[in-house]
Amino acid sequence: MAAVSPLAPERFPEMPEIAGVRVATAAAGIRYAGRTDVLLAVLDPGTAVAGVFTRSKCPSAPVDWCRARLKAGKARALVVNSGNANAFTGRSGRDAVKLTADIAAASAGCKPAEIFLASTGVIGEPLPAEKFGGVMDGLVQGAQPGRWDEAARAIMTTDTFPKGAAAIVRIDGKPVTICGIAKGAGMIAPDMATMLSFVFTDAPLSPAVLQSLLSKGVEDTFNAVTIDGDTSTSDTLLAFATGAAAARGVAKITRAGDPRLEPFRKAFTRVLANLAEQVARDGEGARKLVEVIVEGAASKKAARKIAMSIANSPLVKTAIAGEDANWGRVVMAVGKAGERADRDKLSIWFGGVRVAHKGERDSGYDEAKVSELMKRPEIELKVNLGIGKGRDRVLTCDLTKEYIAINGDYRS
């Protein structure tokens, strides 16, 4: 495994147990030797589920399975494996998800349609789903509350650290808890969420309310992160609400417009944002976290497109890796985005220092000062187009030689 990203948090966060959720992990030998590669989350009856998935036109078999079962809005278990994406696997992939769901349902005592699945890893290799049969009974019997660190580690592929986030907020004066884990380090370009992420809460929410929270919550969190511009076939973000807080006197929320939901909405979005940032911090080979801010655009939509053009540019990302404030590459990325821009109104900042203004190098530009700023592990790159009020921001990372090394031998 690669060395832990220098941008990683100091430690995995303290994350509380959530009533109605029990977790277990196992080593099934899907692809990796000597490590866990299967996660099971057992959910109490009545748990609501919501999800967002990749918009890739070549989705994985688990994505198709989850989409088809999301309408019912109920879940009893989640099974996730790492090492094999079960994508581009034809009939064998469809058979594998059915077999996995059947195995999990038999062990958990529920219907296969109440099992939600996700897979991550190599594309195009058949998934040996029969291996789940050797570990599933033990997973169900050994599942316990908490254990979020173990859960996050079991779903890692090229990740260098496990990703988790939590929040506690009050509804009706009573505490409710939110816990989330994620994996992702490469093949990251948001087109729903990013890679795999799972969020759990004991809040009593209807499936429709949970879906509304999730669909809106990803827009400025997971959908505002990019590592390399490549959208995965397997992107899955699932949220589960057990409703256990109802036993503490929290009345069920069935309307997205319920004012009691607002504090929860903010906390839920913070958890998503925290997880999304950790994905950016673990970009394959990353040495710098980059926040790209675009202001003065024709609209927020235009600002997002321009910000993504900058964040996905290999030339911009390699310049940042080389600690070079090369604003010429930023100008290039703005110009190719296809959105309204005026070269002679464009201003650019690196690390809070303006390097270009109104279409040319800033008159006060100091190469030594900016070079020193570019050595920081976190870089803010801001652009003002000077033509409107549209604003947006996205997170990315630099592009280093390590990215090539990781992806050059990923299957070997």
* To do: State whether the residues of the stretch 13-28 include one that is in contact with a helix residue (DSSP H, G or I) (Cβ under 7 Å, 6 or more places away or on another chain), among the charged types (D, E, K, R) and under 25 Å from residue 211 (Cβ atoms).
  => no
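Give the stretch 352-382 a look and list any residue that's under 19 Å from residue 321 (Cα atoms), open to solvent by less than 50 Å² (accessible area, probe 1.4 Å) and either touching a residue at least 40 places away in the same chain (Cβ under 8 Å) or assigned to a loop (DSSP other than H, G, I, E, B) (or both), or say none.
Result: 370, 371, 373, 374, 379, 381, 382.
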* Structure fact -> residue 19 vs (1) aliphatic (A, V, I, L, M); (2) farther than 19 Å from residue 238 by Cα; (3) open to solvent by 30 Å² or more (accessible area, probe 1.4 Å): all pass except (2)
* Within the stretch 29-52, count every residue that is modelled with pLDDT of 95 or more and either in contact with an Asp or Glu (Cβ under 6 Å, 6 or more places away or on another chain) or of a type in the set (S, T, N, Q) (or both). => 2
* Qualifying positions in the stretch 55-69 - of a type in the set (A, V, I, L, M) and either at positive phi or touching a residue at least 24 places away in the same chain (Cβ under 8 Å) (or both) -> 61, 63
* **Answer residue from the stretch 250-283, given it is outside any helix (DSSP H, G or I), open to solvent by less than 10 Å² (accessible area, probe 1.4 Å) and touching a Ser or Thr at 6+ places or on another chain (Cβ under 8 Å) and is nearest to residue 4 (Cα to Cα) among those** => 282
* So residue 37 clears everything in (1) within 30 Å of residue 376 (Cα to Cα); (2) in contact with a strand residue (DSSP E or B) (Cβ under 6 Å, 6 or more places away or on another chain); (3) acidic (Asp, Glu) except one condition, right? Which one? -> (1)
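The values are calculated or read from the model by the stated rules, or taken from the named source; none is laboratory data. Remember, it's a predicted structure, so these values are computed and weren't measured experimentally. Don't worry about glycine lacking a Cβ; one is built from the backbone with ideal geometry, like all the others, and counts go over all protein chains shown. Accessible surface is based on the protein model in full, side chains and every heavy atom, while ligands, DNA and RNA are left aside. Shrake-Rupley method; radii C 1.70, N 1.55, O 1.52, S 1.80 Å.
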